[in-house]
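Novice: Before I ask anything, let me first share the structure, which is written out below as structure tokens.
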Amino acid sequence: MGYQKNDDYIEVPERIAEFRTKYPEGSLQPWDKAKPYEVVDLGGVVHIIVVAAAYRSPDDPLPGVGMAQEVVPGKTPYTKGSELMNAETSAWGRAIVAALAADTKRGIASAEEVRNRQAERDVPDSKPAAQPKPEDAEAADLRAKIIAAAQAAQFTPAQVTGLVGEAGGKGGLNTETDLAVLRAVLALIPPF
């Protein structure tokens, strides 16, 4: 089963189009033009980091600022070979939201970012990924919704793990497969 768009999210290309409509003189630029991206080692894992600014006008004194990072090399077909572009696009989407020029509807992470991260967790390092079962896809969709809602509610990962236990789960969010538990966790997070 392939990726299914989550209608609760506004994808970055839609946010860019909305930004251009609202601010035709605006621009998306690196926050630091002298260093548009940075490659860093975080605990033995190489990441590329992009910090972007959404200027609503050429003289915008307080542009929206967004940042994103990608693991290098990417671990999925969505990220491998496109790490810089993915990080830049994600940073633009976040900068547009920070400029209050568009919304994500269901949280801070874009659907593309949630899909990429979920795929990275699901792809083993040494063997090909198995085709997901329909219930696996539904569980992944529920996890993405939980992550977005938890980020919007400013829950910590420990708080989300506590909610999994409160809902009758036996592990953390990434290991929980019971759809009823995942639905209950989502219901425990205040709407935004």
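The values are calculated or read from the model by the stated rules, or taken from the named source; none is laboratory data. Here the structure is a predicted model, which is why all the values come from computation and not from measurement. Cβ: placed from backbone, ideal geometry, glycine included. Neighbour counts: every protein chain shown. With ligands, DNA and RNA removed, areas are computed over all heavy atoms of the protein, side chains included. Shrake-Rupley method; radii C 1.70, N 1.55, O 1.52, S 1.80 Å.
Novice: Ranked highest first by the average count of other Cβ atoms within 10 Å around their residues, in what order do 68-75, 173-180 fall?
Specialist: 68-75, 173-180
Novice: Quick one: if you stick a label point 7 Å off each Cα along the C-beta vector at Val40 and Glu18, how many nm between them?
Specialist: 2.9
Novice: Using only the alpha carbons of the range 11-107, determine the length spanned along each of the three principal axes and report them from longest to shortest in whole angstroms.
Specialist: 40, 29, 20
Novice: Further question: For Ser57 paired with Leu100, estimate the spin-label separation in nm (one decimal), with each label point 7 Å from Cα along the Cα-to-Cβ line.
Specialist: My value for the distance between the label points is 1.5 nm.
Novice: Need one number: nm distance between label points at Thr175 and Thr156, each 7 Å from Cα along Cα→Cβ, rounded to one decimal.
Specialist: It is 2.0 nm.
Novice: Rank Tyr55, Tyr37, Tyr23 by accessible area, highest first, at a 1.4 Å probe radius?
Specialist: The ordering from most to least exposed comes out as Tyr37, Tyr23, Tyr55.
Novice: Further question: Express in Å², to the nearest 10, the accessible area of Trp31 obtained by rolling a 1.4 Å probe over the protein heavy atoms while all chains stay in place.
Specialist: Rounded to the nearest 10, the figure is 130 Å².
Novice: Moving on. Can you give the FRET efficiency to the nearest 0.05 for Lys80 and Ala137, using r as the Cβ-Cβ distance and R₀ = 30 Å?
Specialist: The value I calculate is 0.90.
Novice: Counting only Cα, what are the radius of gyration and maximum Cα-Cα distance Dmax of the range 56-102, in Å?
Specialist: So, for the range 56-102, Rg and Dmax equal 13.1, 39 Å respectively.
Novice: How big is the gap, in Å, between the Cα center of the range 162-192 and the Cα center of the range 11-73?
Specialist: Cα centroid of the range 162-192 versus Cα centroid of the range 11-73: 33 Å apart.
Novice: For Thr156, Thr89, Thr76, give the ranking by accessible area with the largest first, probe 1.4 Å.
Specialist: Thr156, Thr89, Thr76
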